[in-house]
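I have placed the structure first, in the form of C-alpha cells, so that the comments after it can refer back to it.
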Amino acid sequence: MATDLPEDILIDIFSRLPPESILQFKSVQKSWYILITALVKDPVFVAKNFHNNKRKGSFLIYKCFEDTNIGSLAICNNGADNEQRLSYGIQDFKPLFPNRYRKFLNYSRVGVSHCDGIICLADYYDGRILLCNPATREFKLLPTDPCFYEAKEYRLANVGFGYDSIDDVYKVVCVCAWPSGEFKAHVYTLGNDYTYWRDIPLKTQIIIGDYHSVRSITTKEVHCNGVCYWLVQDNNAFQQQMYSFDMHDEEFRTIPLPDHIENMGYCNAYKLSLTRWNESAVLFFYPPPHWVRKVSIEMWVLRSWRWTKHQTTVPLRGMEKIEAAFYKSDEILIKEKRGLLSYNVLTRKVRRIYKGDVDRFRACCYYVPSLVSIRRITFDK
C-alpha cells in the first residue's frame with residue numbers, strides 16, 4: 001500500500017505534488033498528518049515543492065463584470081504540458097475569503113501582485129493592503145500607515161510586493177500622491193523587528209501624473225529576483241514610463257524603454273505590456289490592431305539592466321490585445337474577438353486554447369501556488 005512507503009520516498013512524492021493536494025492528504029491517516037505538518041514548516045521542503053511546481057503553474061485572471069465597476073479574481077489552471085485547451089477548472093477566490101475581506105475582490109480598481117505563491121491585493125480606494133495564500137488559506141491585513149490617518153487626502157499610486165533573499169524577508173512598498181504634487185514612498189517589512197511602515201527616500205523622478213490624475217493611471221507590476229518593476233501609463237497625458245524598486249537596497253530606479261521604442265515618435269500610440277519570463281522582466285510591443293490587418297509583436301527582455309530584443313512574432317490576424325502574462329512557462333496569451341490564443345515564444349506556434357467571450361478578461365502574471373506560510377513570515381501565532 002502507498003501508506004506503507006518509506007518516509008523518504010513519501011517526502012519525495014509530496015515535494016512534486018500541488019500544495020493543495022499535500023494539505024488534503026493530511027486527512028489520510030495520522031502518520032501522514034504528522035509528517036505533512038512537519039514538512040510544511042520546513043523551509044527546505046517548501047522551497048523544493050515550489051521549485052518542482054514552477055512548470056505546472058497557473059495564472060490569475062481578473063474579470064470586470066459588464067456594465068458595472070465590480071471585478072472578480074480567480075486562479076485558472078493551465079493544464080498539463082500536452083493539453084491543447086485551457087482548463088475549465090477555475091477556482092474563484094471569494095469562497096476562500098472570510099467575509100470581512102471579500103470587498104477586496106469586488107472593486108475593479110484593486111492592484112494585484114504576487115511573489116512565491118502569496119498574493120498582494122491593494123485597495124486603491126482606501127489604501128488597505130491584504131496578503132493571502134489561497135493554497136494555505138492564510139490572510140494578513142497589513143496595518144494602515146500612520147501617515148494615512150494624519151492626512152486623508154493622500155492617494156495610493158503604486159504597490160509592489162516581493163522577497164529580499166539577502167535578509168530573508170518579504171516587503172511591501174507603496175508610492176502615494178499628495179495634493180502638494182509630492183510623491184512619497186513607504187515600506188512594510190514582514191518577519192523582523194521592523195514590522196511597521198517606514199518612509200524611504202524617493203530620489204528617482206517618477207512621472208505618474210499629478211494628484212488629480214493619479215487614478216486615471218494604469219500600472220502593471222511584476223517581481224523578479226528581488227526587484228519590483230512597474231510599467232506606468234498616464235491615460236490623460238499619454239506618457240509611459242518604467243521604474244523599479246530593489247527590495248534589499250530599497251532604492252527606486254528609472255528604467256529607460258528600449259531605444260527602438262523610445263526613438264519612435266508615435267510610441268505612445270503603440271501598446272506595451274509588462275510581464276515576467278524566466279526570472280526576467282519582459283516588454284511586449286505592438287501597434288494597435290486597427291492600424292494594420294496583421295499584427296507583429298516584439299518581445300524585449302531586460303537582463304543586467306539592458307534590453308535585448310528576443311524576437312518578433314509571426315504576424316497575427318484578428319488580435320485585439322496581448323495579455324501581459326505567460327499561459328505556460330513559454331507560452332503567452334493573445335486575446336482575439338472569438339477567444340484566447342496561445343503563442344509559444346520558443347517554437348513560434350499559435351493555437352487556440354479557449355473559445356468564448358473574453359471581452360473583459362484580464363490576465364495577471366504567471367502564478368505558482370506554494371506552501372509559504374503567511375503566519376511564518378509575519379510571526380503571527
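Within segment 83-92, identify whether any single residue is aromatic (F, W, Y), out of contact with any helix residue (DSSP H, G or I) (no Cβ under 7 Å at 6 or more places or on another chain) and modelled with pLDDT of 90 or more, and answer yes or no. Looking for residues that are aromatic (F, W, Y), out of contact with any helix residue (DSSP H, G or I) (no Cβ under 7 Å at 6 or more places or on another chain) and modelled with pLDDT of 90 or more, one finds none in segment 83-92, hence no. From the list L346, L316, L340, the lone residue that is of a type in the set (A, V, I, L, M, F, W, C) and modelled with pLDDT of 80 or more is L346. Note on segment 13-37: residues that are surrounded by fewer than 16 Cβ atoms within 10 Å (Cβ to Cβ) and more than 29 Å from the chain's Cα centre (by Cα) total 8.
Would you pick out the residues in segment 241-266 that are surrounded by fewer than 17 Cβ atoms within 10 Å (Cβ to Cβ) and at pLDDT below 85? Those that are surrounded by fewer than 17 Cβ atoms within 10 Å (Cβ to Cβ) and at pLDDT below 85: D259, H260, E262, N263, M264, G265, Y266.
In segment 1-17, what residues are modelled with pLDDT of 90 or more and either under 18 Å from G117 (Cα atoms) or touching a Phe, Trp or Tyr at 6+ places or on another chain (Cβ under 9 Å) (or both)? Across segment 1-17, the qualifying residues are L10, I11, F14, S15, R16, L17. Here's a check for you: in segment 271-308, which residue that is modelled with pLDDT of 75 or more and of a type in the set (F, W, Y) is farthest from I332 (Cα to Cα)? The extreme case among them is W305.
The values are calculated or read from the model by the stated rules, or taken from the named source; none is laboratory data. Model, not experiment: these values are computed from the prediction. Methodologically, a virtual Cβ is constructed for each residue, glycine included, from the backbone with ideal geometry; neighbour enumeration extends over all protein chains shown.
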